[in-house]
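**Q** Before anything else, here's the structure in question.
Please treat every number below as a calculation from the coordinates, not as lab data. Treat the numbers as computed from the prediction; the structure is a model and nothing was measured. Reconstructed Cβ throughout: ideal geometry from the backbone, glycine too, with neighbour counts over all protein chains shown.
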Amino acid sequence: MNRIEVENLNVYFEEAHILKDNNIKIPKNTVTSLIGPSGCGKSTFIRTLNRMNDLISGFRKEGSIFFDGKEIYEPDVDVVELRKKVGMVFQKPNPFPKSILDNVAYGLKVHGINDKDVVEERVEESLKSAALWDEVKDKLDKSAMGLSGGQQQRLCIARTIAIEPEVILMDEPCSALDPISTTKIEDLIHKLKKEYTIVIVTHNMQQATRVSKHTAFFLHGEIVEIGRTDKLFMEPEDKRTEDYITGRFG
Amino acid sequence: MNNRLEEYLIEKGLFITAISSILIILLIITFIFIEGFPAIESYGVLNFVFGSTWAPLKGEFGVLTMIVGTLGITFLALALAVPLSLLCAIFMAEIAPSSMRRILKPVIETLAAIPSVVYGFFGLIVLVPLMREQFGGTGFSMLTASVILMVMILPTIISVSEDALRSIPYEYKEASLALGATQWQTIKNVIFPAAIPGVITGIILGMGRAIGETLAVIMVAGNVTQFPSSVLDPVRALTSNIAIEMGYATGMHYNALFGTAIVLFFMIIFLLVLANYFHYKKKVVIGGGYL
Ligand SMILES: Nc1ncnc2c1ncn2[C@@H]1O[C@H](COP(=O)(O)OP(=O)(O)OP(=O)(O)O)[C@@H](O)[C@H]1O
Ligand SMILES: [Mg+2]
């Protein structure tokens, strides 16, 4: 079953044609990697999936995006509800300038969950799933700004899973992290894929092979090739994919 | 060689400029203390600060009514101005379309540049009669002065708070929205709290202007040296006291006016220290991550 289906998606910023005829199906409880050179539209693509691009003036799209069979750009769709179901982790860790506890509890609060016991339990659960609990359990009331970059990114993941979305979009979640933190986040992705559908943008092709079942290769806003990760890397069908993964252009 | 000489001259030049402006301030302060201290000393510090009768002809120099006047006018003005300016700043920073903001911002900043006598005149001609009709009495009152001051400090607080709100990284906003928060929840829970140190700076600046404002206050406050029993009673501010009586004061009376300035000086220092303390505390709590 497909959680997300994108059909003939075209995205424009003002006059610039950023995404061209994208078609992609993302099955439930799998990890899908998006790879491609800088500026090819990967971020634009995943930001279209939770309608974050709505904030950008001049954004315009054609085509359809279905989430569980429902077109998410229909006028009757509640964007707030959608974003609750389609969570996002950004490239740069962006915790709020609040305590660690408040960061994770934030999503719960805005969705009306205020019961102290429930909040504390969910915070602990989420921090455990994000492999951060042991490092922060004694300083939950300290500012999140005092954490290391890797810890901050895991905190952002914890914050996202605290509201129990169905899809997690990750835009280069490891680009600012050292190898150890990266490994931790990859382990986390393996754990999370049992319950969540994950779409991850990455510049690291080893990472794509390690974590994802499917991979899509973007070039100049087009999806050149999409398929099983092992196949795409071992025997790419398109010459351009082969050139990219063998590092022949960039 | 030439370059190093140039560096040297620029460095020293900047140093001298900085030092001389500090020296000038110190000189003024010293002068105020020399002129004002005899009055305070001969009348007694406690009598001067906590005495409630100001009768220069009888040699009575208690400024407490005016301390109350200044504090009353200032805090009432802040109480009126802060909520209004914060809502206005939030509107401009987060809600207004950029075309509207491009007009609003310069207009509001121009308001800050209007001379205080103009505001005072407006108060005298429009606000005082209005107050008289609405609430009775003479119309000259603490409330009237506070309303005029409110209008005068609005632009400062709005403008500084708006800058503070706009300097909050876009990432916070994105993070909040991506978690399914509404725009208003995002403003209330993330953007505004992160901007509080900057907002406090704006309030401090507004407060400074309100305490120091003399002319507009003289024109509408009634200037009676009594304790007000309500906001509709006339009051006299410390600044007004100096400006009103300096023209004809001699001898001890003259010194007592400088004494008034000393009291004002300490009051401002006290309020600034207090405000900066809150500012600092807030910054520490937030963890320095708000910029
Ligand atoms: N807010 C915007 N307004 C106008 N154009 C934009 C905006 N954001 C991105 N673009 C353009 O869209 C194109 C795709 O950008 P995008 O950020 O999606 O690339 P990317 O594949 O994520 O690159 P990277 O790997 O460097 O993150 C770029 O040409 C960029 O200039
Ligand atoms: Mg990107």
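**Q** Provide a single number: the residues in the stretch B:197-233 that are within 18 Å of the chain's Cα centre (by Cα) and over 18 Å from B:Gly120 (Cβ atoms).
**A** 11
**Q** Moving on to the next point. Which condition does A:Leu101 not pass, out of (1) more than 14 Å from chain B (Cβ to nearest Cβ); (2) buried (at least 16 other Cβ atoms within 10 Å of the Cβ); (3) more than 16 Å from ligand 1 (Cβ to nearest atom); (4) closer than 26 Å to A:Ala162 by Cβ, if it passes all the others?
**A** Condition not satisfied by A:Leu101: (1).
**Q** May I ask you to list pairs of residues, at least six apart or on different chains, whose Cβ atoms are under 7 Å apart, with the first in the stretch A:218-239 being closer than 28 Å to A:Lys61 by Cβ and the second being assigned to a strand (DSSP E or B) and of a type in the set (Lys, Arg)?
**A** A:Gly221/A:Lys20; A:Glu222/A:Lys20
**Q** Kindly indicate whether any position in the stretch B:222-230 is in contact with a Pro (Cβ under 7 Å, 6 or more places away or on another chain) and on the phi > 0 side of the Ramachandran plot.
**A** Within the stretch B:222-230, one or more residues are in contact with a Pro (Cβ under 7 Å, 6 or more places away or on another chain) and on the phi > 0 side of the Ramachandran plot.
**Q** Still on this model: Scan the stretch A:75-98 for residues that are more than 9 Å from every other protein chain (Cβ to nearest Cβ) and of a type in the set (D, E, K, R) and jot them down.
**A** A:Asp76, A:Asp78
**Q** Only one residue in B:Gly198, B:Gly206, B:Gly212 is within 14 Å of chain A (Cβ to nearest Cβ), out of contact with any strand residue (DSSP E or B) (no Cβ under 8 Å at 6 or more places or on another chain) and small (Gly, Ala, Ser), so which one is that?
**A** Going through B:Gly198, B:Gly206, B:Gly212 in turn, the sole match is B:Gly198.
**Q** So, one more: Got a number for residues in the stretch A:1-41 being more than 17 Å from A:Leu169 (Cα to Cα) and of a type in the set (Lys, Arg)?
**A** Looking only at that region, the number is 1.
**Q** Here are A:Glu166, A:Glu225, A:Glu195, A:Glu237: which of them is under 26 Å from A:Glu5 (Cβ atoms), more than 16 Å from ligand 2 (Cβ to nearest atom), within 14 Å of chain B (Cβ to nearest Cβ) and of a type in the set (D, E, K, R)?
**A** Answer to the check: A:Glu166.
**Q** Any idea which of (1) within 16 Å of ligand 1 (Cβ to nearest atom); (2) over 26 Å from B:Ile187 (Cβ atoms); (3) surrounded by fewer than 22 Cβ atoms within 10 Å (Cβ to Cβ); (4) within 16 Å of the chain's Cα centre (by Cα) is the one A:Pro37 doesn't satisfy?
**A** With (1) within 16 Å of ligand 1 (Cβ to nearest atom); (2) over 26 Å from B:Ile187 (Cβ atoms); (3) surrounded by fewer than 22 Cβ atoms within 10 Å (Cβ to Cβ); (4) within 16 Å of the chain's Cα centre (by Cα) applied to A:Pro37, the lone miss is (4).
**Q** For the stretch A:195-215, give me the residue count where each residue is of a type outside the set (Ser, Thr, Tyr), crowded, with 18+ Cβ neighbours inside 10 Å and within 12 Å of ligand 1 (Cβ to nearest atom).
**A** Residues flagged as of a type outside the set (Ser, Thr, Tyr), crowded, with 18+ Cβ neighbours inside 10 Å and within 12 Å of ligand 1 (Cβ to nearest atom) within the stretch A:195-215 amount to 1.
Here is a yes/no grid of residues against (1) within 16 Å of ligand 1 (Cβ to nearest atom); (2) over 16 Å from the mean Cα position of the chain (by Cα):
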position: A:Val119; (1), (2): no, yes
position: A:Lys137; (1), (2): no, yes
position: A:Leu147; (1), (2): no, yes
position: A:Ile161; (1), (2): no, no
position: A:Cys174; (1), (2): yes, no
position: A:Gly221; (1), (2): yes, yes
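**Q** Here is a follow-up. For B:Ser176, state whether it is crowded, with 23+ Cβ neighbours inside 10 Å and under 16 Å from the mean Cα position of the chain (by Cα).
**A** Answer is no for this residue.
**Q** If you don't mind, another one. Within the stretch B:45-99, can you find the residues that are under 26 Å from B:Gly222 (Cβ atoms) and in contact with an Asp or Glu (Cβ under 6 Å, 6 or more places away or on another chain)?
**A** Residue satisfying the conditions is B:Thr53 alone.
**Q** Just one of (1) more than 16 Å from ligand 1 (Cβ to nearest atom); (2) among the charged types (D, E, K, R); (3) buried (at least 16 other Cβ atoms within 10 Å of the Cβ) trips up A:Lys231, so point out which.
**A** (3)
**Q** Please determine, by comparing only the residues of the stretch B:170-195 that are of a type in the set (S, T, N, Q) and facing another protein chain (nearest Cβ under 9 Å), which one is nearest to A:Gly87 (Cα to Cα). Give the derivation first.
**A** Within the stretch B:170-195, the subset of a type in the set (S, T, N, Q) is B:176, B:182-183, B:185-186, B:189.
Within this subset, residues satisfying the condition of being facing another protein chain (nearest Cβ under 9 Å) are B:176, B:182, B:185-186, B:189.
Numbers: B:Ser176: 11, B:Thr182: 14, B:Gln185: 17, B:Thr186: 16, B:Asn189: 19 Å.
Step by step, filter the stretch B:170-195, then rank; the result is B:Ser176.
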